[in-house]
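I have placed the structure first, in the form of structure tokens, so that the comments after it can refer back to it.
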Amino acid sequence: MVLFILILLSLIKILNQKIVLLLLINLCPISFLMAQEIQKDTLFFKLDGIYVFESKYVSNTYLLEDSNDIGRGTFFFEKIGIESIKKPKEILSLKKYVHNSEYYNEYTKYKLNDFLFVEHLSNYTIYLVKKEKGKMEYIHVFANSQIE
């Protein structure tokens with residue numbers, strides 16, 4: 001396929017550029033011409049209302065108990081939407097996940113390295129799982145941090 005494209009590019013120099021470009025577009029699959037999105041692994045965390053909880057002041061925002069103080073950087077999840085999902089294989093404890101990560105150190109003043117943890121979570125699709133009126137609610141979120 002690469003050889004074919006190189007030959008066509010050479011023909012562009014020789015022949016009418018428009019004709020060869022149209023030929024190239026018609027012969028190459030669209031998926032080859034477009035960038036493909038990489039599929040991310042998915043993490044499901046229990047929304048317990050204690051360790052991870054909905055902000056009282058900013059709608060569609062979920063905060064962590066271990067996040068740093070304002071002025072140092074605050075970790076939060078921002079809601080993308082609610083989705084219907086078949087039962088996930090495993091729903092993790094966010095507290096255990098954070099405390100067992102390399103981004104958490106209980107012996108320092110600022111226990112969670114918010115920025116590195118956000119960078120780590122950017123590699124995943126994340127859902128907070130909430131039991132609402134006997135039904136499971138899957139809240140699609142992304143990790144973020146902000147300095148105020």
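Name the residue, out of Ile80, Ile70, Ile50, that is modelled with pLDDT of 85 or more and assigned to a loop (DSSP other than H, G, I, E, B).
Going through Ile80, Ile70, Ile50 in turn, the sole match is Ile50.
Pick from the range 20-47 the residues that are in a loop (DSSP other than H, G, I, E, B) and surrounded by 11 or more Cβ atoms within 10 Å (Cβ to Cβ): which of them is modelled with the highest pLDDT?
If we take residues in the range 20-47 being in a loop (DSSP other than H, G, I, E, B) and surrounded by 11 or more Cβ atoms within 10 Å (Cβ to Cβ), then Leu47 is modelled with the highest pLDDT.
Looking at the range 94-132, which of the residues that are of a type in the set (Lys, Arg), without any contact (Cβ under 8 Å) to a residue 60 or more places away in the chain and touching an Asp or Glu at 6+ places or on another chain (Cβ under 8 Å) is nearest to Tyr62 (Cα to Cα)?
Taking the candidates together, the pick is Lys95.
The values are calculated or read from the model by the stated rules, or taken from the named source; none is laboratory data. What you are looking at is a predicted structure, and each value in this text was computed from that prediction instead of being measured. Cβ coordinates were reconstructed from backbone atoms using ideal geometry, including for glycine residues, and neighbour counts include every protein chain displayed.
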